[in-house]
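Working notes for the structure below.
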Ligand SMILES: Nc1ncnc2c1ncn2[C@@H]1O[C@H](COP(=O)(O)OP(=O)(O)O)[C@@H](O)[C@H]1O
Ligand SMILES: [Mg+2]
């Protein structure tokens with residue numbers, strides 16, 4: 001069966017590589033293209049203006065000479081003719097002289113002499129205006145120069161100045177620019193493809209490694225250190241993987257421990273039951289003795305299950321804390337009262353002292369479970385005639401509960417581990433006195449939920465001191481990340 005077959009969706013995702021290529025191309029090609037356009041436009045404008053100015057000046061000089069030599073009435077002047085021919089040759093264009101009736105009296109192309117020219121510019125020229133007009137389509141500048149001074153000229157000189165040489169060199173420059181732009185584009189795109197491939201290659205490597213890890217931590221570590229950015233992702237990911245592995249290990253270890261702890265009483269019960277049933281005549285005394293043992297084992301199983309349930313509730317991620325203002329002094333009195341019968345049975349003196357009365361925002365049920373476990377340990381891991389002293393005091397932001405006992409003490413090397421689940425310094429002794437090894441783990445969970453700390457000092461054979469500090473006001477901000485590690489909050 002193909003899972004999730006109904007969820008196939010076609011989505012066009014943008015790719016990093018195409019985005020990068022696009023940016024590289026735009027940055028690499030567009031400026032060159034715009035610059036070349038601007039350069040060609042500037043060159044054309046400047047060249048045409050220079051040509052236009054020069055030609056206009058020359059036309060003005062010649063039109064003066066024509067006027068002086070009797071034009072446009074008298075066109076039989078050799079000098080004027082040759083000047084017109086020279087002008088025509090110089091600019092590779094045509095020169096026409098028109099009289100006041102708009103009749104062409106001279107044409108250097110000798111095609112239109114005697115004809116009339118109906119041209120608005122010629123008419124404007126006759127009213128005394130000099131006009132010049134560039135037509136890039138036909139590569140000509142049309143220059144209209146009035147003949148004769150003043151408001152009413154006697155004729156007009158019409159000169160067509162060719163700009164085809166400008167157009168030709170413009171065309172050549174345009175070709176050169178295109179070649180340069182195309183070459184730059186080729187280099188930029190080539191480099192872009194290489195850079196994009198290199199960078200996306202890094203991401204592909206990264207996602208491949210992630211994929212490998214997704215299918216069972218096959219790869220120990222990812223090693224993508226070519227770029228600082230990928231190195232950072234790499235390191236962050238390695239950290240996540242390490243934490244996942246640790247979590248996985250501690251979970252398996254916990255499950256193994258739980259199974260073992262739960263199986264032990266059941267195995268005992270089975271053995272006890274079997275030994276009764278295997279005997280033919282069981283006396284009432286033996287039967288009662290075995291049954292008492294069975295009940296004790298059932299009680300033990302019950303205790304383990306209850307402790308496990310408490311531990312789950314103390315999971316730091318749980319957000320179901322019932323925070324209320326609580327009289328800590330009153331709460332501790334209640335705990336002491338409940339534990340006094342056990343202390344009496346163990347012949348341990350239980351002392352409670354209040355240095356300062358404290359009211360704090362806590363989850364009373366969870367915190368009193370933590371303190372009960374710690375005080376109960378003081379009673380249970382003690383000697384006959386010993387004592388447990390519980391002191392309540394307060395600091396500026398915290399309240400402090402000190403639990404001091406004159407008990408067996410904890411070996412120095414075991415102190416860092418006693419808050420681990422199922423950890424017991426002396427397993428058989430703990431079992432004897434009904435311990436599950438979960439008491440301090442539960443206490444730690446509860447204290448961490450309150451953003452508090454617990455400090456242990458102990459000397460083997462002399463006794464231990466547990467110092468618990470809890471903020472007076474509940475801190476809503478999440479705990480610091482290092483609070484996850486085993487010893488966090490525990491000094
Ligand atoms: N006050 C103490 N004095 C000596 N040892 C202690 C004390 N408190 C805890 N321990 C040691 O730490 C271990 C873990 O404690 P805990 O988690 O409460 O488990 P247990 O169910 O065995 O009491 C105990 O088994 C004991 O060896
Ligand atoms: Mg305990």
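The values are calculated or read from the model by the stated rules, or taken from the named source; none is laboratory data. The structure presented is a predicted model; accordingly, all values stated were derived computationally and were not measured. Counting neighbours? That spans all protein chains shown, and the Cβs are built from the backbone with ideal geometry, glycine included.
The set of residues in region 131-153 that are surrounded by fewer than 17 Cβ atoms within 10 Å (Cβ to Cβ), closer than 19 Å to residue 101 by Cα and touching a helix residue (DSSP H, G or I) at 6+ places or on another chain (Cβ under 8 Å) comprises 149, 152. Do you know which residues across region 420-458 are within 7 Å of ligand 1 (Cβ to nearest atom) and under 20 Å from residue 309 (Cβ atoms)? Of everything in region 420-458, those that are within 7 Å of ligand 1 (Cβ to nearest atom) and under 20 Å from residue 309 (Cβ atoms) turn out to be 423, 424, 430, 435, 436, 437, 438, 439, 440, 441.
Results for (1) over 39 Å from the mean Cα position of the chain (by Cα); (2) surrounded by 16 or more Cβ atoms within 10 Å (Cβ to Cβ), shown as yes or no for each residue.
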{"site": "246", "(1), (2)": "no, no"}
{"site": "262", "(1), (2)": "yes, no"}
{"site": "270", "(1), (2)": "yes, no"}
{"site": "273", "(1), (2)": "yes, no"}
{"site": "277", "(1), (2)": "yes, no"}
{"site": "300", "(1), (2)": "yes, yes"}
{"site": "305", "(1), (2)": "yes, no"}
{"site": "309", "(1), (2)": "no, no"}
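For region 334-365, residues that are within 20 Å of residue 322 (Cβ to Cβ) and either in a loop (DSSP other than H, G, I, E, B) or within 16 Å of ligand 1 (Cβ to nearest atom) (or both) total 3. Applying the condition of being without any contact (Cβ under 8 Å) to a residue 40 or more places away in the chain and either closer than 12 Å to residue 161 by Cβ or in contact with a strand residue (DSSP E or B) (Cβ under 8 Å, 6 or more places away or on another chain) (or both) to region 58-82 and asking which residue is surrounded by the fewest Cβ atoms within 10 Å (Cβ to Cβ) yields 81.
Of all residues in region 370-388, at least one satisfies being away from ligand 2 (no atom under 16 Å from the Cβ) and under 30 Å from residue 265 (Cα atoms). When region 300-315 is examined, which residues are found to be without any contact (Cβ under 8 Å) to a residue 12 or more places away in the chain and under 18 Å from residue 430 (Cα atoms)? Result: 302, 306.
Any chance region 445-457 includes a residue that's assigned by TED's automatic domain parsing to the domain that holds residue 378, within 11 Å of ligand 2 (Cβ to nearest atom) and touching a residue at least 12 places away in the same chain (Cβ under 8 Å)? No, region 445-457 contains no residue that is assigned by TED's automatic domain parsing to the domain that holds residue 378, within 11 Å of ligand 2 (Cβ to nearest atom) and touching a residue at least 12 places away in the same chain (Cβ under 8 Å). Restricting region 390-442 to residues that are over 25 Å from residue 325 (Cα atoms), away from ligand 2 (no atom under 16 Å from the Cβ) and in contact (Cβ under 8 Å) with a residue 24 or more places away in the chain, the residue that is surrounded by the fewest Cβ atoms within 10 Å (Cβ to Cβ) is 412.
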